[in-house]
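Peer 1: What follows is a single structure, and I will ask about it in a moment.
The values are calculated or read from the model by the stated rules, or taken from the named source; none is laboratory data. What you see is a predicted model, and the numbers here were worked out from it, not measured in a lab. In this analysis, Cβ positions are derived from the backbone assuming ideal geometry, glycine residues included, and neighbour counts consider all displayed protein chains. All accessible areas refer to the heavy atoms of the entire protein, side chains included, with ligands and DNA or RNA removed. Shrake-Rupley method; radii C 1.70, N 1.55, O 1.52, S 1.80 Å.
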Amino acid sequence: MKRHIIILATILIPFFLQAEQMPEGYYSSADGKHDAELKTALSNICKGGTRVPYGSDALHTTDNPPQWQKGDWKSMATWGAFFLTDQKSDGSVWDMYGPQTRYFPLKGQSGAGLDIEHGFPKSWWGGADNDAYKDLYHLSPADMYANGNKSNYPPGYVPVADKFDNGVFRMGKNPAYGDSATYVFEPADCYKGDFARAYFYIATAYEDFTWLSDFSTYITNDSYLEFQPWLIKVLLEWHRLDPVGEKELNRANAISSIQHNRNPYIDYPELVEYIWGNKQGEDVDFSTLTFTGSNTYTYIGENDNPLAFKPQDLDEQGFTASWNNTGAEEYTLEVFHKTTIGTNDTLLNVPIVKAADITANPNITWQKEDGSSSTYSTTDGGGAFYMSTTTEKRRFFINGLNIGNNARLVVRCSIYNKGDQNAVLVVIADGDTLAQQDVTLDERYYSFPLSAGTQEIVLIQKEIGKKQAYHRISMQQIFIIQGDEQTTEIAVEGYPVTLTSLAHRVDIVMPEDEPVYYRVTPKSLRTSNTVEVCRHSVTPTSLSEVTSQPPFTQTASPQAKPKKVIIGNSIYILLPDGRRYSILGTEFK
């Protein structure tokens, strides 16, 4: 459900990507124009910039501090860009095509069960490797099952979702669009405007393209209006129904910092009306238009994820805690200290299950079910492996370990797609079955206690009838962690408190060496990230600077290595500079 809130102009984009400001006078050449002349002027503006290569590639940062460099985009491909543009505050992937929870692996590798999807079908112009093919303004990470059904069908209203429906993305036929045999897709209401403005953008930036006659039911080769009247009607309605929101704003600014161009229909949504809508024939005056980048723009937020911000007004006598507006009636604020005893060690570290990681790890071999060596079976770009092909199963064989007390195996995985929903992960320790775990379409971490003295571990998938090989499991990460570290939270006197505001002054004598923590739980929603507050913390300039950071952030030195630690019942990445990141809840600790 979308909710109206007021924001500052500061953009919530990943902390290692520097927001690129819109150049002064960026749209000046389009001012005073109308209809086709206006659209062509916008085309000449927004088709500029650059496009990163399509597919997967390693990301590149400076070493100290980790920060994206403007001149380094040649090192990034689409999945690397998605890591910056489509990652939620909790570290999960923002997928407009499905409800599942999935996470990006390290370095922006492709996620299991996800495709790169062209919102505006690439086949409508032949799918050539041109700028439109690679343009992030209409590319999104997408549930591959929904994507496979979407094919090259157009947007539209779906009376009966008899082809596909996952609760977020629906498909069915609608004879009102002139072809009773044609399917159309309909996203959730909160994404309808996102899709519409992506379509208007592609039709503008690439208006000189020649569209294929095979799809004349949807589009025309009129470089002005581009779409058939029925599709213009659908897109206009979606644009008006779903105004530019928080997620769309953040994503557009992140893309601008990568491609160095803008989507005019996100910056100035009323431009749509001057070209396709109720202001055709009127000369546009940009000074009278609503600019979504202004610090008074009222936007609608799709993100109900609770998000606690860095502390404000930090001094020796306390700080101001603040958080985003989720639309909840009440917020419970917890403020606490932590005490930690014991130590942990990492015995096995596979942060990305891909060929290079397995080959480099002497404790792991990738085998056929009979134990003979096997070639690697990747799911999508090499960032995940699945535990079978369509004809036979595979297994991970882990040996040569020195397992002591208080050790556990941690596996992050999901089923490959909806058709694999009966998959079961089996853990065998020293020849005996240790555990069996039903695997879900959502990516999750599964933890298995290990006995002291364990020498060998085998990961396989359970046989399920005659179609066992089709129930595939996408393996993302594997860890073995050992130790007795335990952390206890001690509430600060007077907390927790229940509030109706979005900020609260915490009056507490701040210790010099011991951090204080806070988090917030909106009524009827899950708990936010946890914010660490230290006397030496730097006060941010805006409430929009957040402490929740993506897990597995690159470290400050190429030689330094993060390690995994157990604290209580949670597992964390421990960076050399002392920061910890949860890999179960991906919340900042």
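Peer 1: Which residues in the stretch 148-178 have a backbone N closer than 15 Å to a point placed 7 Å from the Cα of residue 233 along the Cα-to-Cβ line?
Peer 2: From the stretch 148-178, the list is 155-159, 174-178.
Peer 1: Roughly what would the spin-label model give for residue 287 and residue 369, points 7 Å off Cα along C-beta, in nm?
Peer 2: 7.5
Peer 1: Further question on the same structure: Could you give each residue of the stretch 402-413 its phi-based ³J(HN,Hα) in whole Hz, using Karplus coefficients 6.51, -1.76, 1.60 with θ = phi - 60°, and x for Gly or Pro?
Peer 2: For the stretch 402-413, the Karplus curve yields 10, 7, x, 7, 6, 10, 8, 8, 10, 10, 9, 7 Hz.
Peer 1: With each label point set 7 Å from Cα along the Cα-Cβ vector, what nm distance links residue 513 and residue 210?
Peer 2: The two pseudo-label positions are separated by 7.5 nm.
Peer 1: While we're on this one: Run the numbers for residue 295 and residue 495: contour at 0.36 nm per residue of separation, minus the present Cα-Cα distance, in nm. All intermediate terms of the calculation are to be shown ahead of the outcome.
Peer 2: Working: separation 200, 0.36 × 200 = 72.00 nm, distance 3.33 nm.
Length gained, residue 295 through residue 495: 68.7 nm.
Peer 1: Hey, another quick one. For residue 219, enumerate residues with amide H under 5 Å from its amide H, sequence gap 5+ or separate chain, H modeled in the peptide plane.
Peer 2: Residues meeting the criterion, in which the H sits 1.01 Å from N, are 228.
Peer 1: Evaluate the relative contact order of the stretch 128-264 (contact order divided by residue number), counting alpha-carbon pairs under 8 angstrom at least 6 apart; express in whole percent.
Peer 2: Rounded, it is 22 percent for the stretch 128-264.
Peer 1: Not counting ligands, DNA or RNA, and with a 1.4 Å probe, what is residue 191's accessible surface area in Å² rounded to the nearest 10?
Peer 2: That residue has around 20 Å² of solvent-accessible surface.
Peer 1: Pop out the ³J(HN,Hα) list for the stretch 424-432 in order, Karplus 6.51 cos²θ - 1.76 cosθ + 1.60 with θ = phi - 60°, rounded to Hz; leave Gly and Pro as x.
Peer 2: 10, 8, 10, 10, 10, 10, 6, x, 10
Peer 1: Less than 13 Å Cβ to Cβ from residue 203, Lys/Arg counted +1 and Asp/Glu -1: what total charge do the surrounding residues give?
Peer 2: Net charge in that neighbourhood comes out at -2.
Peer 1: Using the Karplus equation 6.51 cos²θ - 1.76 cosθ + 1.60 (θ = phi - 60°), what ³J(HN,Hα) coupling, rounded to whole Hz, does each residue of the stretch 246-251 give in order, writing x for Gly and Pro?
Peer 2: 4, 4, 5, 4, 4, 5
Peer 1: Please give the length that would be gained between residue 336 and residue 280 if that part of the chain were fully extended, namely 0.36 nm times their separation in residues minus their C-alpha to C-alpha distance (nm, one decimal).
Peer 2: 14.3 nm
Peer 1: Using a Förster radius of 25 Å, what is the FRET efficiency between residue 359 and residue 438 based on their Cβ-Cβ separation? Nearest 0.05, please.
Peer 2: Taking R0 as 25 Å, the efficiency between residue 359 and residue 438 is 0.25.
Peer 1: In addition: How far is it, in nm, from the label point at residue 486 to the one at residue 34 when both lie 7 Å from their Cα along the line to the Cβ?
Peer 2: For residue 486 paired with residue 34, the spin-label model returns 7.6 nm.
Peer 1: Counting only protein chains, not ligands or nucleic acids, how are 230, 238 ordered by accessible area (probe 1.4 Å), most first? Don't jump to the answer; show the numbers that get you there.
Peer 2: Details: 230 45, 238 0 Å².
Result of the area sort, largest leading: 230, 238.
Peer 1: Could I ask something else about it? What order do 268, 97, 157 take when sorted by accessible area (1.4 Å probe), most exposed first?
Peer 2: Values: 268 30, 97 0, 157 75 Å².
Accessible-area ranking of 268, 97, 157, largest first: 157, 268, 97.
Peer 1: D for the stretch 109-220, whole µm²/s, Stokes-Einstein with Kirkwood Rh over alpha-carbon pairs at 25 °C and 0.890 mPa s: what number?
Peer 2: 168
Peer 1: Right, next: For the stretch 186-257, with equal point scatterers placed on the C-alpha atoms only and solvent neglected, what are the log10 I(q)/I(0) values from the Debye formula at q = 0.12, 0.13, 0.21, 0.23 1/Å, to two decimals?
Peer 2: Per q value, in the given order, log10 I(q)/I(0) is -0.36, -0.42, -0.94, -1.04.
Peer 1: Past the 32 Å Cα-Cα mark, which pairs from 247/462; 462/523; 163/523; 233/310; 192/523; 39/150?
Peer 2: With Cα atoms farther than 32 Å apart: 247/462; 462/523; 163/523; 233/310.
Peer 1: I would also like to ask the following. Tell me, what is the FRET efficiency for residue 315 and residue 524 to the nearest 0.05, using R0 = 51 angstrom and their Cβ-Cβ distance as r?
Peer 2: 0.90
Peer 1: While we're here: Would you mind checking which residues have amide H under 5 Å from residue 290's amide H? H placed 1.01 Å from N; only 5 or more apart, or other chain.
Peer 2: So residue 290 has HN proximity to 270.
Peer 1: Let me ask something else. Return the long-range amide H neighbours of residue 434 (sequence gap of 5 or more, or a different chain), with a cut-off of under 5 Å between placed amide H atoms.
Peer 2: 427, 428, 429
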